[in-house]
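The values are calculated or read from the model by the stated rules, or taken from the named source; none is laboratory data. Small disclaimer: the values here were computed from a predicted structure and weren't measured. All Cβ positions, even for glycine, are placed from backbone atoms using ideal geometry, and neighbour counts span all protein chains on display. Note: areas computed on protein heavy atoms with side chains; ligands, DNA, RNA excluded. Shrake-Rupley method; radii C 1.70, N 1.55, O 1.52, S 1.80 Å.
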Amino acid sequence: MKICIVGQGYIGLPTAALFTRSDCEVVGVDVNEEIIDNLNKGKIHIEEPGIAEIIKNAIDNNRYHASLTPEKADAFIITVPTPYIADNYSCDLSYVVEACNEILPFIEKGNTVIVESTIAPMSTDDVIKPIFEKSGYTIGKDLYLAHCPERVLPGKIIEELIHNDRIIGGITPECSKKASEVYGQFVEGELMLTEAKTAELSKCMENTYRDVNIALANELAKICAEIGVNALDVIKMANKHPRVNLHSPGPGVGGHCLAIDPYFIYAKAPETAKIIKLARDTNNSMPQFVYENVCKIIPEGKISIFGVSYKGNTGDDRESPAYEIIALLENKGYEIAIYEPHIERENFVDFNEAIEGSNLILILADHNEFKEMDYESIKDKMETSIIFDTKNILEEVPKGIELYNYGNLYKLN
């Protein structure tokens, strides 16, 4: 089978890699010419274990190549971004529509088209299906269309693509069957056949469920800071109940899923989806909450930002709340130094340069590098040895270092 995958990012590239391991011929399509050139040289632009080796092997064995344009194939998979439209929170399908139009000249009867991008309920029926019908195809008879959302964790994408159950949402039962044959080549989890609109809403609700639960933890952290209670102790004690699992509060919610997908549901039923919207508002308020507490800890000076990735031990900083926090601090006049061991940028610095003369370390990512640090250097090089851990990853620090987290913020009031 030949597979054409449009989008070679955090989902498209790992998916391409796994199809090549099943002896498929894969062409990876992307609009970024630099990414295409690097991929054809075996250079990987995302940080994800196992991908580089698989792609290099596939290139050597002529099972993978990257291209700026699609090619004829048996199956086409679309994995492009779907941001939300700020005015009404609806799903921006422009990249998906563009990808559909881009593959149209290469589609033949009998092909399967799969949209993996997270989309709002009814998008496949109302927007995507008509694109192919206008070109003369009968969906379910001579062209098979399905929505099969990804559901993976950065850092474990290969493992989860293989072992997680997969939702296969076809426009017709025959579409679901054809799409399941595509994924059946490497997916070892259950292939759950359903209709497209059910698959769309299921994916959005998976991320909404997590967003709402994170919002509950974040709201608890705010309440505890206000009334003088240790939020981390509350969570620890409450979670001893066999049917309670409160999440850990943090600096906000990032990523291309949790920070966006709930809006797709809200936009479809804004008068009804009140809990979903309130959860989004709560999580969006956390950068301001972090900023206000930083101002209480130190009114001025240098701040060492530790981590801008939204996910620990990855270089994925999409929708990261860290950037809003940094902007707020810079606008207030703080000097900022960013240490991010998983991302290379000209304005990022190493550990020693970040802490030199600093008044505060602000931990915004739960990287392993931050769980055990050179505390002697911190005491020697910082102007004031203070850490504000918004990810609650440090249980204790040596004498001479002051630690703030969501357990003791109430002391600032």
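State to the nearest 20 debye the size of the charge dipole of the range 271-413 about its Cα centre, where the only charges are +1 on K and R beta carbons and -1 on D and E beta carbons. Display every interim value, and only then the final one.
On the way: 15 positive and 27 negative charges, 137 e Å.
Dipole size: approximately 660 debye.
The stretch between Val127 and Glu108, if pulled fully straight at 0.36 nm per residue, gains 4.8 nm over its current Cα-Cα span.
So if we plug the beta-carbon distance of Glu376 and Arg21 into 1/(1 + (r/R0)^6) with R0 = 51 Å, what FRET efficiency do we get, rounded to 0.05? That pair, Glu376 with Arg21, gives E of 0.65.
Taking the Cα centre of the range 188-229 as the origin, how large is its charge dipole in debye, to the nearest 20, when only Lys and Arg (+1) and Asp and Glu (-1) carry charge on their Cβ atoms? Walk me through the intermediate numbers first.
Details: 4 positive and 8 negative charges, 35 e Å.
Charge dipole, the range 188-229, about its Cα centre: 160 debye, nearest 20.
Cβ neighbours within 10 Å, averaged per peptide: list 272-280, 384-392, 238-246 in order, most packed at the top.
Details: 272-280: 17.4, 384-392: 21.6, 238-246: 9.8.
The peptides rank, most packed first, as 384-392, 272-280, 238-246.
Label-to-label distance for Met192 and Asn213 is 1.5 nm, based on points extended 7 Å past Cα in the beta-carbon direction.
Most tightly packed first, judged by the mean number of other beta-carbon atoms within 10 Å of their residues, the peptides 184-193, 26-35 read 26-35, 184-193.
Placing unit charges on the Cβ atoms only, positive for Lys and Arg and negative for Asp and Glu, gives the chain a dipole magnitude near 1140 debye about its Cα centre.
Beta-bridge orientation, the chain: approximately 5 percent antiparallel, per DSSP, counting only bridges with both partners inside.
Checking the cross-link pairs Lys236/Lys381; Lys129/Lys311; Lys56/Lys156; Lys236/Lys332 against a 29 Å limit on the alpha carbon distance flags Lys236/Lys381; Lys129/Lys311; Lys236/Lys332 as lying beyond it. The helix-based estimate of mean residue ellipticity at 222 nm for the chain, built from -39,500 (n - 2.57) per DSSP H run of four or more residues and divided by its residue count, is -11000 deg cm²/dmol to the nearest 500. Note on Lys240: lysines with a C-alpha under 25 Å away, same-chain residues under 8 apart excluded, are Lys222, Lys371, Lys391.
Send over a whole-number figure in Å² for the accessible area per residue of the range 1-144, probe 1.4 Å. Display every interim value, and only then the final one.
Details: 6090 Å² over 144 residues.
Per-residue value: 42 Å².
Each other residue within a Cβ distance under 15 Å of Asp374 adds +1 if Lys or Arg and -1 if Asp or Glu, for a net charge of -4. A simple spin-label model places the labels of Lys399 and Asp142 8.3 nm from each other, with each point 7 Å out along Cα-to-Cβ.
Between Ile167 and Met192, the built amide H atoms are under 5 Å apart, and every one of these is 5 or more places off in sequence or on another chain.
Residue farthest toward the positive end of the dipole of the range 186-262, with Cβ of Lys/Arg at +1 and Asp/Glu at -1: which of Asn207, Phe186, Gly228? Sorting the options by dipole projection puts first Gly228. Computed from backbone phi, the HN-Hα couplings of the range 146-154 come to 8, 10, 10, x, 7, 8, 10, 10, x Hz, rounded to whole numbers (Karplus: 6.51 cos²θ - 1.76 cosθ + 1.60, θ = phi - 60°; Gly and Pro given as x). Cβ-Cβ distance of Met205 and Glu356, R₀ of 45 Å, FRET efficiency by 1/(1 + (r/R0)^6): the value works out to about 0.45. Site pair Glu71 and His247 shows an inter-label distance of 4.1 nm when each label is modelled 7 Å from Cα along Cα→Cβ.
Each peptide in 1-7, 49-55, 163-169 was scored by the mean count of other Cβ atoms within 10 Å over its residues; highest first, the order is 1-7, 163-169, 49-55. Considering the values [x] 204; [y] 163; [z] 152, which represents volume of the Cα convex hull per residue in Å³ as calculated for the structure under consideration? Of the labelled values, this structure produces [z].
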